[in-house]
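S.K.: Structure provided below as structure tokens; questions to follow.
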Amino acid sequence: MCGSGDQRSPTKHRHFRFGERGELPLASVRLTAPIPKDRIFDVMEAIKALTCTAPLRAGEVLIQDILGLGADVICTKEVDRIQQ
């Protein structure tokens, strides 16, 4: 939780889309470090633009050092590839 006057955001879970072959249409992600509150919407836009191909493993880094803020975006849930 942020204290009063704190200009950083706690890490939150967000979702991004799979281009194809994922058993889920979205996967949850989180940041590895807090980011400044005034950059939250910029980070959310960058995450929304992300498209990955399954499989993904929990803890896998999807975006390293997002927007130069010192936080990585990691997958929080395993998503397997659809077997066709």
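The values are calculated or read from the model by the stated rules, or taken from the named source; none is laboratory data. Predicted, not measured: the structure shown is a model, and the values here were computed from it. Here Cβ is always computed from backbone atoms with ideal geometry, including for glycine, and neighbour counts include all displayed protein chains.
S.K.: Residue by residue through region 63-84, note down the ones that are over 13 Å from Leu26 (Cα atoms) and of a type in the set (D, E, K, R).
M.R.: Asp65, Asp72
S.K.: How many of the residues making up region 42-62 are closer than 17 Å to Leu24 by Cα and assigned to a helix (DSSP H, G or I)?
M.R.: Summing the residues that are closer than 17 Å to Leu24 by Cα and assigned to a helix (DSSP H, G or I) in region 42-62 gives 2.
S.K.: Looking at region 20-39 only, could you name the residues that are more than 17 Å from Thr76 (Cβ to Cβ), loosely packed, with under 15 Cβ neighbours inside 10 Å and in contact with a strand residue (DSSP E or B) (Cβ under 8 Å, 6 or more places away or on another chain)?
M.R.: Of everything in region 20-39, those that are more than 17 Å from Thr76 (Cβ to Cβ), loosely packed, with under 15 Cβ neighbours inside 10 Å and in contact with a strand residue (DSSP E or B) (Cβ under 8 Å, 6 or more places away or on another chain) turn out to be Glu20, Pro36, Lys37.
S.K.: Across region 47-57, what is the number of residues that are farther than 16 Å from Ile82 by Cα and surrounded by 14 or more Cβ atoms within 10 Å (Cβ to Cβ)?
M.R.: Qualifying residue count for the region: 2.
S.K.: For the structure I just gave you, tell me whether Gly70 is of a type outside the set (Asp, Glu), modelled with pLDDT of 90 or more and not in a helix (DSSP H, G or I).
M.R.: When the stated conditions are applied, Gly70 passes them.
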